[in-house]
1. Check which residues have an amide H placed less than 5 Å from Val40's amide H, if you skip close sequence neighbours.
2. Can you pull the one-decimal nm distance between simple spin-label points at Arg11 and Thr49, each 7 Å off the Cα toward Cβ?
3. Just to confirm a number: summing +1 for Lys and Arg and -1 for Asp and Glu over residues other than Gly51 whose beta-carbon lies under 14 angstrom from that of Gly51, what do you get?
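What follows is calculated from the coordinates using simple rules that are stated; it is not laboratory data. Just so we're clear, the structure is a prediction, and the values are computed from it rather than from any experiment. For neighbour counting, all protein chains shown are included, and Cβ atoms are generated from backbone atoms with ideal geometry for every residue, glycine included.
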Amino acid sequence: MPPGDGHDIARTSTATTGGKDHYDDTVEVDELLPAGSSYVSSSWSCVPTSGNDMHCSSPYIDLDVGKSTSMTIVINVPKAEAARDRCAVTNTV
């Protein structure tokens, strides 16, 4: 996408351990990107799945109960989409 054509938007997802045991493995997240947007980058490894969606994996982590890990993903929303939606990008979990 040419420079200046749209807006890059960063969003952070956080996973927190619960229960009575610590967590040691990777965290897997499926990101459903808004229609018309495109993936730019992420703090975790991400691969395309279907349509405009991405599957992201954290590095191996070891988290004590109540601790968190976060991933930031950056997407680009084209000018036309941003103007039509008034820059409102909503991701529902």
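1. The list, which skips near neighbours in sequence, is Val74, Ile75, Asn76.
2. For the pair Arg11/Thr49, the computed spacing is 1.3 nm.
3. -3
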